[in-house]
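Below is one structure, written out as structure tokens; comments come after it.
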Amino acid sequence: MKPLFTFNNSKKAPKNDQPDRAVPVSRPLSHSLEANLLELQQGVGKSSDVVFRRIGQITDKFPLALVYINGLVNSDKVNQAILQPLTESTDLKEKEMTAEAAFNLIQDQIVKVSDMAELKTFETLQASLFEGNTVILTEGMNRALAADTAGWEKRSITEPSSHGVIRGPKESFTEDLRTGTALLRRRIKSPDLRVEEYKIGQRTQTSIAIVYLKGIADEEVLAELRRRLNGINTDRVLGSNYIEELIGDGGLTPFPTIQNTERPDAIAGGVLEGQIGILIDGTPFSLLAPSVFFNFFQSVEDYNQRFDISSFLRIIRYLSFFVSMMLPALYIAITTFHQEMVPTTLLVSLAAQREGVPFPALIEALMMELTFDVLREAGVRMPRAIGPAISIVGALVLGQAAVQAGLVSAAMVIVVSFTAICNFVIPAQTMANVIRLLRFLMMLIAGILGLFGIMSFLIVLLIHMAGLHSFGVPYLKPVAPMTPRYLKDIFIRAPHWMMKTRPKIAAAQETQKQSSVPEVKPADRSSQHKEDDSP
Amino acid sequence: MIQKISTAQAAMLVFNAIAPTATVVLPIILGTYLEQDSPIGILFSACVGMAIAALIGSIIKYNQGAPFLEWIGKRSSRWLAVVLGIFLLQYYLDASAAIMREFVNFLKDNVLLQTPVFVLVGTSLLIIIYAAHKGIEAIARVNSILVLLYLLFLPSFMFGLGDYLNVHRLLPMFQHSFASVTLASLTPVAWMSEVSILLFLAPYLKSPDKARRIGWIGLLFVTVIMQIIMLTTLMTFGPEYLKSSTYPGFVTFDIIHFGNFWENLNIVFISYWILSVYMKLAMFLFATLECFKQTFRVRENGPYLIGLALIIAAECLFTWKQPAKLNEFNAQGRFPVYMLINVLIPLSIYLCCLVKRTVAKRKGQAA
Amino acid sequence: MNKGSRKRSRRGLLAILSFSLATAGMTACWDNRELNELGIVSGSAYDREDGQWVTTYQIINPSATSSQGGGGGGQGGPSPPFLTFTERGSTIMEAVARSNLTSTRQLYFAHSRITVINEKVAREGIAQLLDLFLRKPDASETVNVFLSERRAGDILNQLMQITKNQGTGIQLMIQQESELTSYYQGIKMFELSMALSSESHCAAIPEIKLTNREIINKIQEAESTDLPTRIALGRLGILKKDRFIGWMSDREAFGLSFMTDKINSAIIPFTSDPEHNEKLDASANLMDSKTIVRPVWEGDHFVMDIDVKGNAMLLELKGKADLSKPAEVSKFERNIEQNILEYINRSWRTVKKLGADVTMFAPLIHRAFPKRWEHIEKEGNWDTVFQEIEIRPRVSISIDRFGLSSKSYKSVEQD
């Protein structure tokens, strides 16, 4: 595996170490409270949401200061667990002790927060503030305390908006990373489920968690993923696509090599197959890697429905993929190059429709496809209230009126709309978008070289895909290179009791999914049931 | 990282290294000499092909999948390897150009009558350069998918022809003398000898020990497919009609029909054939490149790949302009060249190895 | 992947993009033909007049044929479903080329269904025509071939009812004829060339004709229920070595169908009671029939053993009959067999008279007696050998279904 990025200039470490990448030189805290506060204030400027709260200024014994960011902390918690104990502590007010002893007292007894940490530099102090911690600075100490008081407004868990299912869990990830890891923990209650956190983006300092099952996920893939995550050099991560593009394989390939989903059950399913989940703070969309071509045609729904209907639906998806990619191109190729293929009656009615259409089939198709994409984009961007208007305009103006006006032929409208509908069948949006682009190239080449052109384009695509890898896993695995026994969950979905082993696609080894020892086949199950009934 | 291909993939590569063009060229050559006895000719040449495959396999097993020319260079003299390399390079360039020309001729005759030749050559050239650039792993993978598609095309082919097949057209059998069977089999044997492309795929084999089996399985499939095409053609049209057609392997496609509404489906089958020819071309370009790299001891591909491809294109465009010339070469000129390169050279190398080994053994015993 | 190769692949992508955009402009040349530039030929006819080829092409008129009627159209009166062009030329393709002088469309032959050849053309030989059809990539080898005694072009001008597309209509006619009646089979261009290039060098082509002199070629005339002139299938024309040599009547052709195992389903009339009544008064439907022809060498000539086996279903019956009696049924069976034998013998006499091996005995003899065939071929005396052939037909028909009534109506009436 060749490294994707070689311009790695700073090493990054997991969370609890010092996130000091932005400024290489670290500035230690001084012993003076005032000096520290001044320095901090200069650091954040006059940001109105940073709160500096001084305590003990009157007694002058142990002047302290609390620093936190309003909105990021739970103010009830700050009041009850920090402010109140500190102000009411008699020990702190009356006892004579060194600054060191007072510091320890605060840390050990007074502050009633579960997660506390000691900070020594301004950089860690700032980072800690931005995570919602409350920082306690004391006079005479060159260390500070950070108490976890994070608590900001969060969206509650809702139904997934982009990957709906009929029968299956209705939870989706939220923008909060912790909620995400919790949702996963609740699904996989195994000590092997590991969560590793990274901070990525010099300015955004976005938390990213990779989630995998130790012993099932491939260690080589893991190492490669860690290397690529550490190699990211960007100042922002605002969504999952930032990560996807920065660590994905293949350079300029149109094909996605990483899946995304907002469904925790999809991530859990992938993790159980040996994939690695990547959760990103600030977006409900999480990533799954490594992903092969066929992963993009699997949907969680497949596993929540009976195998027969799931298999049927899956075949339909593959068909739709090809139809959506090739139908307009095939239409062009067949009606302008290979008219002999079309049944005579159909050819005659196609010819009748084309009478009076001014443009060649290629231009006609390009025009209609572009119009459709414009409509689709408009539909997405429109405020919801105007949405129906768009569909009426689209359907009436482009469907009916364009045909009647003799601008396009009716057959072309059918081709374009069927293509569009097929595009929506593919469960993974990223894969569906690939086709939207390839379709145009394919139409062009079909208009120039006919079926020969289409075939040439297909073989280029195939070669491209065969040469593509996702984190070292061949993109067309397990079809090419072929492993027949891994095909149980590719074109069809075999019944759960038949899929006893975990295919070695993303996983490191082929391991058991179901213990094979007390094997009860469906036939046996029913016979046992009968025996129970008979007496 | 060196790319590796599995035994099954390699067998499929061997299959597609022979089958696509053989199905175009062989039926007419066989049919002219042997008429309804052509299937026997195919069987006969398959047997010879198997022997050649065994020879090639033995060499690969002997050198444990070492790069062929480098291995020769090491075992004998550096200069012998270079001379041999130039020889082979010339052969592969020539063969690639001839394949390309056949492909383009076929397209010009059947599919794109008006499209200029250079566009067809250019398009296919770009594709095979891309494939060869991606490496043998990608080629092998795509190739395996294509071979699996036979499962789809073969039944529909047979089903579409159902009405027309008549076994009696194969009678009377064994009407031709053994001499004419041998004569007719010369060209098919030349095609079968293309199994020697394995010599250049050897460094990429996961298990070079199985090279012999790879060759055999590949040739077996070639024989089966050739036999199916030959038999269906004979059974639908009979030997007389076959002789008058330029592409007897494809005439059956013209009459395939499903019901009354779907006729003239030849383009569908031709499209599939186009895909497999691309694979063959890509493989040959890859072998040419390998040969070049081993001869002149270069490591990187980039510029040489394009250069070699351009040479092939030029030869294809200018040397084989006359279809008649190419047909004549196919029928007669090919045999000696192919035999020399694919059989005699490997055979002599193998014999040398045997002699050396026995000498070494004797020495060992003597000591 | 490093930065360098990324850059390179980006340049590659740009090159591909600009190439495809540039070529998009060039579209509409090369092999690309828009549908509305094509004249879809549904049938062609070949005549010879004054030493020149006269070719007639029938082009489908899409907006009149399709149910939808097209976007722009909407002209007043109804337009005919097809149009014909007649051109002359010293070669066939010259005539085709000349059609571009009058037609707005480029002729497109791949969907052509029928080819009608004038008898006179066929007498002079159709080698040129066959060569054209097998050579030209867009000509389909699967067109049905017909012979016509009158000007072949006239056939293509005749309108058909129900089926608007005349070529398809005629194709359906011949298909149904061979499925249900089996007097003769339609023959496609490649089958014709196969038959003519086989050992026997003979072929049979059905005749197509108009039932009356005048041609119905105006759409208004075609609006009556019983057209004065219709297209009909007629006799069977026999070709030997690409030349027409004579006709066989449909009855004679029927016997030929039995000899060459081409019967799919046929109606056989027979006499139910030959002792009292010579008239044909009953008929049976031959549901399936199998013919096996075996050549036998009998010292100085070949004898062809022709075995016909078939199952029939009784369809109509005039006389008295009780079908529950096996004797009665086997009497019918024998009568049917007798009739079929009669067909075969009559047909064989005609075939012998014509001296054309449309029975396809030559390949059979070649397969069964390769050595003797080599001898015949060397001597070149197949024609005399053929004249000496004797046929030995045996027919066995069993009636295994009687329809819905077990007695004839007459028997019921008398009971």
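The values are calculated or read from the model by the stated rules, or taken from the named source; none is laboratory data. Note that the coordinates shown come from a computational prediction; the quantities given were computed from them, not determined experimentally. Cβ coordinates were reconstructed from backbone atoms using ideal geometry, including for glycine residues, and neighbour counts include every protein chain displayed.
Considering only residues in segment A:330-356 that are more than 7 Å from chain C (Cβ to nearest Cβ) and aliphatic (A, V, I, L, M), the one that is farthest from A:MET442 (Cα to Cα) turns out to be A:LEU346.
Residue by residue, here is whether (1) in contact with a strand residue (DSSP E or B) (Cβ under 9 Å, 6 or more places away or on another chain); (2) among the hydrophobic types (A, V, I, L, M, F, W, C); (3) assigned by TED's automatic domain parsing to the domain that holds C:SER44 holds:
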residue: C:ILE155; (1), (2), (3): yes, yes, yes
residue: C:MET160; (1), (2), (3): yes, yes, yes
residue: C:GLU177; (1), (2), (3): yes, no, yes
residue: C:MET194; (1), (2), (3): yes, yes, yes
residue: C:GLU207; (1), (2), (3): yes, no, yes
residue: C:LEU210; (1), (2), (3): yes, yes, yes
residue: C:ILE215; (1), (2), (3): no, yes, yes
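Evaluating B:ALA11 against the criteria (1) away from chain A (no Cβ under 14 Å); (2) touching a Phe, Trp or Tyr at 6+ places or on another chain (Cβ under 9 Å); (3) at pLDDT 85 or above leaves one unmet condition, (1).
If you take just the strands (runs of 3 or more DSSP E) that sit entirely in segment A:210-327, which of them hold at least 3 residues that are surrounded by 19 or more Cβ atoms within 10 Å (Cβ to Cβ) and of a type in the set (A, V, I, L, M)?
It comes to A:276-280, A:286-289.
All conditions in (1) more than 30 Å from A:ALA209 (Cα to Cα); (2) free of Cβ contacts under 8 Å to residues at least 24 places away in the same chain hold for A:GLY140, with the sole exception of (2). Of all the criteria given as (1) assigned to a loop (DSSP other than H, G, I, E, B); (2) at pLDDT 85 or above; (3) not polar (S, T, N, Q), the one not satisfied by A:TRP152 is (2). Filter segment C:344-394 down to residues that are part of a loop (DSSP other than H, G, I, E, B) and of a type in the set (Val, Ile, Thr) and give me whichever is surrounded by the fewest Cβ atoms within 10 Å (Cβ to Cβ). Of everything passing the filter in segment C:344-394, C:ILE389 is surrounded by the fewest Cβ atoms within 10 Å (Cβ to Cβ). If we keep just the residues of segment A:435-489 that are surrounded by fewer than 21 Cβ atoms within 10 Å (Cβ to Cβ) and of a type in the set (Lys, Arg), which is nearest to the other protein chains (Cβ to nearest Cβ)? If we take residues in segment A:435-489 being surrounded by fewer than 21 Cβ atoms within 10 Å (Cβ to Cβ) and of a type in the set (Lys, Arg), then A:ARG485 is nearest to the other protein chains (Cβ to nearest Cβ).
Determine, yes or no, whether B:THR295 is away from chain A (no Cβ under 14 Å), among the β-branched types (Val, Ile, Thr) and within 16 Å of B:VAL121 (Cα to Cα). When the stated conditions are applied, B:THR295 does not pass them. Of all residues in segment C:197-218, one or more are on the phi > 0 side of the Ramachandran plot and either within 14 Å of chain B (Cβ to nearest Cβ) or surrounded by 20 or more Cβ atoms within 10 Å (Cβ to Cβ) (or both). Scanning segment C:141-157 for residues that are surrounded by fewer than 22 Cβ atoms within 10 Å (Cβ to Cβ) and closer than 28 Å to B:ASP109 by Cα returns C:GLU141, C:THR142.
What about C:GLU298, is it of a type in the set (Asp, Glu) and closer than 21 Å to C:ARG349 by Cβ? So C:GLU298 fits the description; yes. Based on what the data block shows, is B:VAL343 of a type in the set (A, V, I, L, M) and loosely packed, with under 13 Cβ neighbours inside 10 Å? Taking the combined requirement at face value, the residue does not satisfy it.
Hey, among the residues in segment A:383-438 that are among the hydrophobic types (A, V, I, L, M, F, W, C) and not in a helix (DSSP H, G or I), which one's farthest from A:LEU350 (Cα to Cα)?
A:ALA428
A quick yes/no check of all residues on (1) part of a helix (DSSP H, G or I); (2) modelled with pLDDT of 85 or more; (3) assigned by TED's automatic domain parsing to the domain that holds A:LEU327:
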{"site": "A:MET442", "(1), (2), (3)": "yes, yes, yes"}
{"site": "A:ILE492", "(1), (2), (3)": "no, yes, no"}
{"site": "A:TRP497", "(1), (2), (3)": "yes, yes, no"}
{"site": "A:SER516", "(1), (2), (3)": "no, no, no"}
{"site": "A:SER526", "(1), (2), (3)": "yes, no, no"}
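Scanning segment B:255-287 for residues being charged (D, E, K, R) and facing chain A (nearest Cβ under 10 Å) gives a total of 1. If you go through segment C:266-278 and keep only what is under 32 Å from the mean Cα position of the chain (by Cα) and of a type outside the set (Phe, Trp, Tyr), you end up with C:ALA266, C:ILE267, C:ILE268, C:PRO269, C:THR271.
The helices (runs of 4 or more DSSP H) found entirely in segment B:275-339 that carry 3 or more residues being of a type in the set (A, V, I, L, M, F, W, C) and touching a residue at least 60 places away in the same chain (Cβ under 8 Å) are B:302-318. Scanning segment A:433-456 for residues that are of a type in the set (Phe, Trp, Tyr) and touching a residue at least 24 places away in the same chain (Cβ under 8 Å) turns up just one, A:PHE440.
Residues of segment C:274-300 that are surrounded by 13 or more Cβ atoms within 10 Å (Cβ to Cβ) and outside any loop (DSSP other than H, G, I, E, B): C:ALA282, C:SER283, C:ALA284, C:ASN285, C:LEU286, C:MET287, C:SER289, C:THR291, C:VAL293, C:PRO295, C:VAL296.
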